[in-house]
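Okay, structure first, notes after.
The values are calculated or read from the model by the stated rules, or taken from the named source; none is laboratory data. Just so it is clear, the structure is predicted and the values come from calculations on it, not from any experiment. Heads up, the Cβs are rebuilt from the backbone with ideal geometry, glycines too, and the neighbour counts pull from every protein chain shown. Accessible surface is based on the protein model in full, side chains and every heavy atom, while ligands, DNA and RNA are left aside. Shrake-Rupley method; radii C 1.70, N 1.55, O 1.52, S 1.80 Å.
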Amino acid sequence: MSGYNFAYLDESTKRMIRRAILKAVAIPGHQVPFGSREMPLPYGWGTGGIQVTAAVLGPTDVLKVIDQGSDDTTNAVSIRAFFRRTAGIATTESTDAATIIQTRHRIPERKLREDQILVYQVPIPEPLGRLEPRIAETRRMHGMADYGLMHVKLYEDIARHGHIATSYSYPVMVNGRYLMSPSPIPAFDNPKMDQMPALQLFGAGREKRIYAVPPYTSVKSLDFDDHPFRPIRAPHACELCGSRDTYLDEVLTDDVGGRIFVCSDTDFCAERQAMKEAAE
Amino acid sequence: MYVATKGGERAIGAAHAWLNEARRGDPALPELTAAQVEAQLGLAVDRVMAEGSCHDRGLAALAVKQSRGDLIEAAFLLRAYRTTLPRFGASQPLDTNAMTIQRRISATYKDLPGGQVLGPTFDYTHRLLDFRLAAAGGLPSGAPEAEPSTEATPRVTEMLAREGLMQREPACEDEPGDLTREPLSFPADRSLRLQALARGDEGFLLSLGYSTQRGYGNNHPFVGEIRMGEVAVGFTPPELGFEIDLGDITVTECQMVNQFKGSRTEPPQFTRGYGLVFGHGERKAMSMALVDRSLRAADLGEAADAPAQQQEFVLSHCDNVEATGFVEHLKLPHYVDFQSELENVRTMRASVEAAK
Amino acid sequence: MSTNAPGATGTKSPGATSTTFPGFADPVLDAQASFRAVLQAMSRPGQVQRVPHPPELPPGLSPAAAAVLLTLVDAETRLCLNAGPVAAAWVRFHCGAPLVAAGAAQFVLDSEAGLLALDPGNEEEPERGATLILEVAALAEGSGWKLTGPGIRDEHRLQVRGAPANFLADWVTNRARTPCGVDVILCAGDAIAALPRSVAIEEG
């Protein structure tokens, strides 16, 4: 796109973001403040993820963008088009073919590789934010590794509901040190973060924070010995590919209770359908 | 068989084409030009420059036109443009003492050096719809011309300060921070707070200022002075080493005079709340001054428990570009999380049923 | 390529001694490739990466160290540099970073500067911990130091020739203060390897 630098951001902004990313990688799970810029897309619509991707992306990368697990949701389409336009890079819908995957709310079902980078869009980076809105205070709690508040909250859930009533944005401990928000992915996806071979980068544009999980790093969902973490999924099979171990979307087919369940990860589902067809 | 919806890209393209048609409106009517917006919707342009934190009347007018008059959308357009511009440095502080006055009023004195100058104000207009404006054409009968005043217009707060009644602001030679380059951290100093308020949402600051008047952190404000007019912008390029004049801009400044009961170290005196915005933005400048003074409560040893006195609350929520993005992002698909919540609620209901 | 990328060719600070040595041949894409190598190195401690570097170099800087400086350092970062006057002039011209003492620097390229004399950040802002760019004689994988920690599946072997004598002893102290601490980028020729503060090193 004429008039703009490769991948939109100017070089000094990229350097600033790159410095923040490196510190984030060196301190797994710690939120690094950065001078988030105003982007030509609204705050809350992936500006953090976009800035991280723009700072990382090179001409030989192949970019995949998903929202809710799907490549064809409108905001994913819009972000993919933004990078095609500003960086002229190749894009793909295939998880396998991508070198960088920017995501909102899901981790792909296919196991990611060492040569891939997963960039999460993060609305609220502070895992303690719903319990303590003051940033000055939560920063102190992270400094002291004082996470009693979160344990109390989860314990109250158990006392009231018999189990932990958090189904997404389920907080994790990274490398045994930092409490971290996994972004609003379903708790079902949390176990994929643990020891993932790919680098995981998190960008929160409006809140101006970047954090990271290096490859092969311990990521544990908070729980109690007598109330272990349970990933939740709809107990059904995918209507299209038959999968019983992927995360499913519930699709209403009428207004009298008719519904089907289909894979949220559209690329994974399409691959499985193709394999099924080939086998038949 | 179920087929997932496809064609997001085409849908977006069609929606944008429709938007362009809607913006143009009835093609039988002449198209509005950005120059007309700039000249005739000047206060909208001023507000967009203030909240877009970029002084460029032409671009702001274009943004108003492009956004179909949605001023927050227009401020966002201007911000997104601003962020791509190279940064050459910081101007010299504006000298509003040397302002070419268009309007200047003080509520604390009946008369004062420089006088009361009403200027182009809605004040004292009767808010009756003027149907002559609905009919096209006709130039307004001209305002009477007066000789430009040669009298100096000293600041009210300075006159009070000379008498020892107004707290002096400490001089500071430090390079002020820049919240567009470095993320805000708390507690934020006053220069950063003022930066945030200057680009903050007029409606939000208006309501917060109003809340202080109604008792949520009252600080007994008087309008010491509001002045609006042109000031020169000076810049000293490092390679030249001397100041050059970049031109004049219109700004509105409000200095509130507020009571201060005094502390162990300081005698009772007046303190000030300060507001400064691009263009003619009196409501914003006044609201900003009220909120600025409220945010000083903790520094002045006053109780600071009202919303307008809590800097994390005020500064984290006053930016309408951030706020609108995050509020409006709720319309993006959230069905993955909602599915988790569905299963969660179903599980909880099942365990309640089982326990019966 | 760009009409509004003022930093693309480096920021010239007033009074910079000029240099005849160039920066990256392609300031945008070489910086990106170099960053990806550093990111890969920092994410996978001890893995050796190659970086693109300027076609011609001022004496006193390895190709790798020059690339790392061009990639990460600019007018907004405080740098401590001790690599001779020619390299200093080159850095002033291409990076424009304010030069400060080791203890106040965000980036340090000074073989005299001890790991423990650098800013480790603080508990609330550990990201303020400095990055030490350390020139060594050679880097090779497969034998040598045994590295474990985030970024490494089981263990990783890195042979470093020419590290300062007390480096491993200092590293124990550095790692003990995580999340505070200093991160290190080792440079040899056009190769780099990184040691984030979280990595444990045993002599192999």
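Observations on the structure shown:
- Among the residues of the stretch A:195-236, those that are part of a loop (DSSP other than H, G, I, E, B), away from chain B (no Cβ under 13 Å) and not acidic (Asp, Glu) comprise A:Gln195, A:Met196, A:Pro197, A:Ala198, A:Pro214, A:Pro215, A:Tyr216, A:Thr217, A:Ser218, A:Leu222, A:Pro228, A:Phe229.
- Against the criterion of being surrounded by 15 or more Cβ atoms within 10 Å (Cβ to Cβ) and either under 20 Å from B:Thr121 (Cβ atoms) or modelled with pLDDT of 90 or more (or both), B:Thr212 qualifies.
Yes/no per residue for (1) part of a helix (DSSP H, G or I); (2) charged (D, E, K, R):
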{"position": "A:Thr13", "(1), (2)": "yes, no"}
{"position": "A:Ala20", "(1), (2)": "yes, no"}
{"position": "A:Pro42", "(1), (2)": "no, no"}
{"position": "A:Trp45", "(1), (2)": "no, no"}
{"position": "A:Gly49", "(1), (2)": "yes, no"}
{"position": "A:Ala54", "(1), (2)": "yes, no"}
{"position": "A:Ile66", "(1), (2)": "no, no"}
{"position": "A:Ala76", "(1), (2)": "yes, no"}
{"position": "A:Arg85", "(1), (2)": "yes, yes"}
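- For A:Gly176: the one exception among (1) part of a helix (DSSP H, G or I); (2) on the phi > 0 side of the Ramachandran plot: (1)
- Among residues of the stretch B:30-70, those that are open to solvent by 30 Å² or more (accessible area, probe 1.4 Å), charged (D, E, K, R), within 16 Å of B:Arg199 (Cβ to Cβ) and in contact with a helix residue (DSSP H, G or I) (Cβ under 6 Å, 6 or more places away or on another chain), counted: 1
- Checking A:Pro197, A:Pro186, A:Pro191 one by one, the residue that is within 27 Å of A:Tyr155 (Cα to Cα), at pLDDT 95 or above and open to solvent by 10 Å² or more (accessible area, probe 1.4 Å) is A:Pro191 and no other.
- Which numbered condition B:Glu182 misses (of (1) open to solvent by 50 Å² or more (accessible area, probe 1.4 Å); (2) of a type in the set (Asp, Glu); (3) in contact (Cβ under 8 Å) with a residue 24 or more places away in the chain; (4) within 30 Å of B:Asp70 (Cβ to Cβ)): (3)
- Qualifying residue in the stretch B:190-198 (condition: outside any helix (DSSP H, G or I) and not hydroxyl-bearing (Ser, Thr, Tyr)): no
- Matching entry among A:Ala54, A:Ala90 (being in contact with a strand residue (DSSP E or B) (Cβ under 6 Å, 6 or more places away or on another chain), of a type in the set (A, V, I, L, M) and open to solvent by less than 20 Å² (accessible area, probe 1.4 Å)): A:Ala54
- Selected residue (only one of A:Arg37, A:Arg85, A:Arg104 is closer than 26 Å to B:Thr180 by Cα, open to solvent by 20 Å² or more (accessible area, probe 1.4 Å) and either touching a residue at least 60 places away in the same chain (Cβ under 8 Å) or not hydroxyl-bearing (Ser, Thr, Tyr) (or both)): A:Arg85
- Here B:Ala161 does not fit the description of being in contact (Cβ under 8 Å) with a residue 40 or more places away in the chain, open to solvent by less than 80 Å² (accessible area, probe 1.4 Å) and either touching a strand residue (DSSP E or B) at 6+ places or on another chain (Cβ under 7 Å) or closer than 30 Å to B:Glu173 by Cβ (or both).
- Matching residues, the stretch B:74-97, being surrounded by 12 or more Cβ atoms within 10 Å (Cβ to Cβ) and away from chain C (no Cβ under 14 Å): B:Ala74, B:Ala75, B:Phe76, B:Leu77, B:Leu78, B:Arg79, B:Ser91, B:Gln92, B:Leu94, B:Thr96, B:Asn97
- Residue match in the stretch A:247-265 (condition: in a loop (DSSP other than H, G, I, E, B) and of a type in the set (Lys, Arg)): no
- Of all residues in the stretch A:160-188, those satisfying the criterion of being within 14 Å of chain B (Cβ to nearest Cβ) and aromatic (Phe, Trp, Tyr) are A:Tyr168, A:Tyr170, A:Phe188.
- Candidates are the residues of the stretch B:263-289 that are hydrophobic (A, V, I, L, M, F, W, C) and within 13 Å of B:Arg193 (Cα to Cα); the one that is surrounded by the most Cβ atoms within 10 Å (Cβ to Cβ) is B:Met288.
- Output for the stretch A:5-19, where each listed residue is open to solvent by 10 Å² or more (accessible area, probe 1.4 Å) and more than 7 Å from every other protein chain (Cβ to nearest Cβ): A:Tyr8
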